[in-house]
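Below is one structure; the comments refer to it alone.
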Amino acid sequence: MGVLDAAQLNAYERDGYLVVEDFVSTDACRAMVERSHEIVSAFDPDEHRSVFTTEEQERTSDEYFLSSGDKTRFFFEPEAFLPDGTLRQAKELGLDQARYATWHAINKLGHAMHDTDPVMRSFSRTSELASVASEVGLVDPLLLQSMYIFKNPRIGGEVTCHQDSTFLYTDPLTCTGFWFALEDATLENGCLWAIPGGHRSGLRKKFVRNVDVTDLDSNQAGTHFEVFGEDISGDGAVPLEARAGTLVVLNGLVPHLSGANRSDKSRHAYSLHVIDAGAEYPANNWLQRPTEFPLTGF
Ligand SMILES: O=C(O)CCC(=O)C(=O)O
């Protein structure tokens, strides 16, 4: 007996995405949120100030970003800092504890918490999720990438319209996204939007390293887009408002986005990207795993 019924599988085929309400318990969501706070509280914001933005990808293409494939790393919101380098929300909200303010300033954690963190590892590896992965067509799944996305109040950044296979390319295409609302995601705090049926219009671009590198010493090498088609504007996207506990399954080709969060409620989400072991994973994909820390399945 599968987790998804025929109507859900048909909807996934038709739309390129599927919203599954109440997929995980509120306790499991709460454990993830609490864990994210513990992880960020242990992080010294002066250690690294890498910013994440989908608008200006170049800025993130540094060694810290490129070597995050087997680590938990911290990426700040573009609006996190004031010109003088102080944390904006600490100053504006009158918070005097830098650590407390830090988790109001982080855009996301990435990109291997499904392997590096015990709580996130268990959340990622459940029999229900393994079943869904198999039902949507992954034959020999490998858990490739995880992101803990904070979408913090007031400064939570926009994620521009993209296809996940742009960033996690395989031949043939197998990237599948499993996005979990850990808190309610609404129009106000920047829920996901997706273009129904948009997975049928082909891959528009690939985000790759400038040189084929498996040698992680070459992380400085930078990245660029290989462009095959027109950029996707997001026209025709529909909002996927989601209560905490909802799973959204995303075909790697379906264009999706999320708006900025100008509300005073955070929108925590956890996103896991899975590929098929039978497909080729190119050495010039931006995300690489050192051979001594191989990808594994559910
Ligand atoms: O959570 C978001 O706002 C965007 C996430 C996303 O694009 C993804 O997980 O592929």
- Can you send over the carbon and sulfur percentage of the accessible area for the chain, probe radius 1.4 Å, protein chains only? 50 percent
- Task: Quick one: give the max-minus-min coordinate of the C-alpha atoms of the chain along each principal axis, largest first, in Å.
- Result: 53, 42, 38
- Message: For Gly157, what residues show an amide H to amide H distance below 5 Å, using hydrogens built from the backbone and excluding near sequence neighbours?
- Response: Asn152, Asn261
- Message: What number does segment 162-298 give for Rg over Rh if you use C-alpha atoms and the Kirkwood radius?
- Response: 1.00
- Per residue, how much accessible area does segment 148-263 have with a 1.4 Å probe, in Å²? 39 Å²
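The values are calculated or read from the model by the stated rules, or taken from the named source; none is laboratory data. The shown structure was predicted, so the numbers you read here are calculated from the model rather than taken from an experiment. These accessible areas exclude ligands, DNA and RNA; they are computed on the full protein's heavy atoms, side chains included. Shrake-Rupley method; radii C 1.70, N 1.55, O 1.52, S 1.80 Å.
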